[in-house]
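Report on one structure; see the data block that follows.
Throughout, read-outs are computed from the coordinates displayed, never taken from laboratory work. The structure displayed is predicted, hence computed values, not measured ones. Positions of Cβ are generated from backbone atoms using ideal geometry, with glycine treated the same way; all protein chains shown enter the neighbour counts.
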Amino acid sequence: MRSATQKFKTAARSWAGLLLAGGCITFAQAQQSITVAAYPAVDEIAKAAVAQWKKKYPTVEVKVVSRAFADHHTAMTTALSTSSNLPDVMVVEFGYVARFAEGGGLEDLGIAPYGIKAQQARFVPFAFRQATAASGAVVAVPADIGPGTLLYRTDILKKAGVSEAELAQSWDAYVAAGVKIKAATGAYLVAHARDVKDIVIRSDIKPGEGLYIDAKGRVLVDSPRFVRAFELAKKVRDGKLDGKINAWSNEWSEGFKRGTIATQMSGAWLAGHLNNWLAPDTKGLWRASQLPEKAWGSWGGSFYAIPKGAKNKALAWDFIQMMTLDPQMQLSAFKSQDAFPALVDVHNDAFFDQPIEFLGGQKARLLWREASRKINAVDVHKLDPIAEEIINTEMDKVLDQGKDVRTALADAKALLERRVKR
Amino acid sequence: MSSRPVFRLSPTSVPYVLLSPFVLLFLVFGVFPLCFSFYLAFQTWEPTAGLASMKFVGLDNFAFAITDEWFWKSLKNTAWLALASGVPQHLIAIPLAYFIHTSFKRTRNAVIGAYFLPYITSTVAIAMMFSTLFSTDYGLINLSLRSLSNLPVLGGLFPVDPIDWLNRAENVKPAVALVVFWRYVGFNTVLYLAALQTIPKDIYEAATMDGAGRWQQFWFITLPSLKPMIYFGVTLSVVGGLQLFEEPFILTGGRGGTDQAGMTTAMYMYRTAFEFNDFGAASALSWLLFVFVALLTWLTNRAFKPRGPSA
């Protein structure tokens, strides 16, 4: 009689055999291909590039693995943590670049054999800096950026007798315009008072200072820019100038469709979304201007990176170069998916001078181009996500429960310091 | 004639081979994550730096979690939601089951099916439907309230201004509790219906002979006979309620709503790991949550235990 363990081993062996056979098949298929892990709409851009890739590498397949935005970054975190199932090319969104850079799981593309540092001047400065880790390693190459502007409804402004100059001159003027708009038309100035806070805390950051925490681990959330941001947001809420509407909610798109939201601060891409699906019927009613008080800011952007555990690094690098350094590729992504090019080479293309129909024929791309040069890179800290949550929670308390601004920021500081000390 | 070779398992190994798919899956998706999270609870780990970056930190993660005010806030939210959605579930499900049991004959299954439907519907679909219903300016609930407030006499009872269901701290929890209640009340009704069918009819007949009314029969026969099923149902509600995740997660856009009023402990755990990148603390949180679940399950067990003559 065989023992129970032996029997179990036999069973395990037959299963292991099956698994091994499966693994070999996958390996055989993986010989002549590279995988690109991406989220919408970068996946579309990558797929569209395959035709050109095939001209150079007719036998190398490009597999674009597409996941929803949040799933993509969760999957990439898991892949990096276990160094398994890593793609050859990883698309990383703006907010995650620094976080992934910190972990050290991505190749330094600044040095040989890649040497992207030599091309630094060809990229929008803030985007390139965003991908540079504290150690000096360049962990990703920027592909598209989201230079921020203020979109506003001309018809609503006209009804309220507010001029663009009045709207964007300063934050106080912006809020004052909101009062007029509300009184004359009933429309909200902004979707959420938090939106104002988000941009004010990002303006006027000194170089090397960081958003919430500086390089030395000092918590900055009670500094004047936070006080001002909170007070402005409170003013917006107290004047009933915001709709308490979160971005990407049903109310948000309905607000745009019905014209109950007069302005929206956002990246350049929002005009495209409004035109394509959010509110196509409002064509011609929107215009863009620089953000109030010339607060230069950006919303989102995509980067290409190579994980250290990738199998086909040379091919991956070729693919990334095609996506980020090829002017034609950058322009076609801009034209098809509103992906504003991070490559400065193409910023003087005739396409930038063309009027945008949705914005009533305004040449808004020139505004976005101007903004892209002025935006500062903000140093990131690994505690930024939790810091943002702490600040937003205290913001809720100020807006909804009437908590004192300075008390709220002091509480936020205490909460955050506790995390920094861990 | 050619004889084909036949792959044959020896009779003694058949049970092991047949069991192995479950055992393997259970080991991979059950036992391994359990052990790994226990191990992680004592480590600090930067996940994007790979497995090698783990460092042993002893009880630091637990010390952090116990002194973390957000953890306690999330526990309070969870307890609130578990009570507000759990208690009514049973208080409604028992009489409802009794009513269906005694009053429906031919349409019984259809009625049960209707009540059971929410339980088997995808959570995402449910949460999306309810967020549409709860919408402040365009939601059906607020539109109905508004039209009710226009009624001549009763109108004064209803609010004129739209209620911000999902963006005001004091409204988030009731809204989430309502969805959870709606979803699981049918499940509990089915449980109690099954239990009702096992109560012998002759007990009721004897009670009728003794002159017991319908209410007395319910109170002295039905309810005591249902006790084992109540124990089972309440235990499921306690465990499920403390692990509540999907409904509040989707209804509040993953953040837990204004001032985190709808952030349950399971949500906080998830966010600590995948948003705040702190897998060690998240694992410690999960084990602390386990302690609470175990404790409350034990208490439920105590409360429903059949009492012996000595007790």
*Using a/c under 1.5 as the rounded threshold, could you call the stretch B:20-93 rounded, prolate or oblate? The axes a ≥ b ≥ c are square roots of the C-alpha gyration tensor eigenvalues, and prolate needs a/b larger than b/c, oblate otherwise.*
oblate
*Work from the charge dipole of chain B (Cβ charges, +1 for Lys and Arg, -1 for Asp and Glu, about the Cα centre) and give the residue of B:F292, B:N142, B:N188 farthest towards its positive end.*
B:N188
*For the stretch B:43-64 and the stretch A:262-289, write down the distance between their C-alpha centroids in whole Å.*
45
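Would you tally the net charge around B:S74, using a Cβ to Cβ cut-off of less than 11 Å, leaving B:S74 out, and scoring K and R as +1, D and E as -1?
+1
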*What FRET efficiency, computed as 1/(1 + (r/R0)^6) with R0 = 22 Å and r the Cβ-Cβ distance, is obtained for A:A118 and A:A314, rounded to the nearest 0.05?*
0.80
_Where trypsin sites (Lys or Arg not before Pro) in DSSP loops with at most 11 other Cβ within 10 Å are excluded, longest remaining stretch of chain B_ = B:107-306
*Would you work out the charge dipole size for chain B about its Cα centre, treating the Cβ of every Lys and Arg as +1 and the Cβ of every Asp and Glu as -1, and quote it to the nearest 20 debye?*
1100
*With charges only on Cβ, +1 for K and R and -1 for D and E, what is the dipole size of the protein assembly as shown about its Cα centre, in debye, rounded to 20?*
1540
*Roughly how crowded by other chains is peptide A:385-393, in terms of the mean Cβ count from those chains within 10 Å of each of its Cβ atoms?*
4
*Hey, how many Å between the Cα centroid of the stretch A:70-125 and the Cα centroid of the stretch B:23-42?*
29
*asked:* If I fit a long axis through the Cα atoms of helix A:94-103 and take the longest principal axis of the Cα atoms of chain A, what angle between them do I get, 0 to 90°, rounded to 10?
replied: 50
*If one takes the longest principal axis of the Cα atoms in chain A, at what angle in degrees, from 0 to 90 and to the nearest 10, does the Cα axis of helix A:327-337 lie?*
60
*asked:* Using alpha carbons only, how many angstrom separate the centre of the stretch B:133-171 from the centre of the stretch A:179-226?
replied: 32
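Rounded, prolate or oblate: which fits chain B when a ≥ b ≥ c are the square roots of the eigenvalues of the alpha-carbon gyration tensor, with rounded for a/c under 1.5 and prolate only if a/b beats b/c?
oblate
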*asked:* Taking only complete DSSP H runs, can you tell me which helices of chain B stretch 20 Å or more along their own long axis by Cα positions and average at least 0.5 on the Kyte-Doolittle scale?
replied: B:169-196, B:223-242, B:279-304
*Using only atoms on other chains, find how many Cβ atoms lie within 10 Å of each Cβ of peptide B:129-142 and report the average.*
2
*Using only helices, what value at 222 nm comes out for chain B when you add -39,500 (n - 2.57) per DSSP H run of length 4 or more and divide by the total residues, to the nearest 500 deg cm²/dmol?*
-21000 deg cm²/dmol
_Karplus-derived 3J(HN,Hα), 6.51/-1.76/1.60, for each residue of the stretch B:54-68, Hz, glycine and proline x_ = 6, 10, 6, 10, x, 8, 3, 5, 5, 4, 5, 5, 5, 9, 8
*Mind checking the dipole of the stretch A:194-294: about its Cα centre, +1 per Lys or Arg Cβ, -1 per Asp or Glu Cβ, Debye to the nearest 20?*
120
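Take every residue in peptide A:200-211, count the Cβ atoms of other chains within 10 Å of its Cβ, and give the average of those counts. Walk me through the intermediate numbers first.
Numbers: counts 0, 0, 0, 0, 0, 0, 0, 0, 0, 0, 0, 0.
For peptide A:200-211, the averaged partner shielding equals 0.
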_Can you classify the protein assembly as shown as rounded, prolate or oblate using the Cα gyration tensor, where a ≥ b ≥ c are the square roots of its eigenvalues, rounded means a/c under 1.5, and otherwise it's prolate if a/b beats b/c and oblate if not?_
oblate
_Label-point gap, in nm, between A:K47 and A:D204 - each point 7 angstrom along Cα→Cβ_ = 4.6
*Taking only Cα atoms, what is the 0 to 90° angle, nearest 10, from helix A:224-238's long axis to the longest principal axis of chain A?*
70
